[in-house]
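Engineer: Got a structure for you, written out below as structure tokens; questions coming shortly.
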Amino acid sequence: MTSEPVRDSVTDHLLTPENAVLVVIDYQPTQVRSIRSMDHQLLLENIVRVAKIATLFELPVVLSTVNVASGVNQPTVPELLDALNGAEQIDRTTINAWEDVEFRAALEATGRKKIVMTALWTEACLAFPTLDALRSGYEVYPVVDAIGGTSPDAHRAALKRVAQAGAKRVGWVQLACELQRDWARTGTASDFKEILFGPAPVVDTTGLGEQRGSGSPRMAAARAPRPPAIGRRRVVRARRGWELRRTCAGTRG
């Protein structure tokens, strides 16, 4: 039960606290409300988990928003911002964060070449900077269960596109385990365990201007109005009457 010496954490081919940077793009109320590939509550819980993981392992964070300064959008949802210890928010007008000067400068200033990428939407604000970063020599790790698209198909297609370009998809649990790597690393083991097995983060979707749970496509479908029962019975009766008339007509023929 003897662990090997810790590998060089900068050159390690796996993610480590010394070679990775977390990028968080556009987790704002309007963007969260528009997600249709994942339940909003679970989405927020998972991105807060990712933020807690980054904070625990002291990853540098590049946090960006879109169109806040212009007054069009609200800033990062508060639970996520709290989990990131109030990180600076780099506001943009570009859909592709890679084309924003301040965003690129902040990322390059970290000196890290492994990007843990989270963004809304998968098909735009995640896909575009991921593709650009890959072409620029970075490794990119989209956290698939903490991102979302405007439809399940759009989300899946975007993930397939970036994977084909070389992105390495991970989940938030895999991310945590890869950074921890060994239970004998007691400095982070206790908090690591709490993130993995403790209660889900407290998030409030009512702050997004929606009823709790309204972000779930399944729940939305369940709430969709159904035709009145009396109308359905009339349709059935009409069909049965038509079938009976057709049968009788056939008999007379």
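The values are calculated or read from the model by the stated rules, or taken from the named source; none is laboratory data. Keep in mind that what you see is a predicted model, and the values were worked out from it rather than measured. FYI the Cβ positions are ideal-geometry reconstructions off the backbone, even for glycines, and counts take in every protein chain you see.
Each row is one residue, and each column tells you yes or no for (1) over 19 Å from the mean Cα position of the chain (by Cα); (2) polar (S, T, N, Q).
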position	(1), (2)
Met1	yes, no
Ala20	no, no
Ile25	no, no
Arg33	no, no
Ser64	no, yes
Ala69	yes, no
Ala83	no, no
Ala87	no, no
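Yes/no per residue for (1) in a loop (DSSP other than H, G, I, E, B); (2) over 16 Å from Val116 (Cβ atoms):
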| residue | (1), (2) |
| --- | --- |
| Gln41 | no, yes |
| Asn46 | no, no |
| Lys52 | no, no |
| Thr55 | no, no |
| Val62 | no, no |
| Thr76 | yes, yes |
| Leu80 | no, no |
| Asn85 | yes, yes |
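Engineer: So, one more: So if I check each of Ile95, Ile90, which one is modelled with pLDDT of 95 or more, in a loop (DSSP other than H, G, I, E, B) and not charged (D, E, K, R)?
Structural biologist: Ile95
Conditions tested, residue by residue: (1) under 12 Å from the mean Cα position of the chain (by Cα); (2) in contact (Cβ under 8 Å) with a residue 12 or more places away in the chain; (3) part of a helix (DSSP H, G or I).
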| position | (1), (2), (3) |
| --- | --- |
| Leu107 | no, yes, yes |
| Met117 | yes, yes, no |
| Glu123 | yes, yes, yes |
| Phe128 | no, yes, yes |
| His155 | yes, yes, yes |
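Engineer: Still on this structure: Going through segment 130-153 one residue at a time, which ones are part of a helix (DSSP H, G or I) and buried (at least 23 other Cβ atoms within 10 Å of the Cβ)?
Structural biologist: Once the filter is applied, which keeps residues that are part of a helix (DSSP H, G or I) and buried (at least 23 other Cβ atoms within 10 Å of the Cβ), segment 130-153 yields Thr130, Ala133, Ala146.
Engineer: Looking at segment 172-230, which of the residues that are among the polar types (S, T, N, Q) and at pLDDT 95 or above is farthest from the chain's Cα centre (by Cα)?
Structural biologist: Per the criteria, the residue is Thr186.
Engineer: A follow-up question, please. Could you count how many residues in segment 5-37 are surrounded by 14 or more Cβ atoms within 10 Å (Cβ to Cβ), part of a loop (DSSP other than H, G, I, E, B) and not hydroxyl-bearing (Ser, Thr, Tyr)?
Structural biologist: 9
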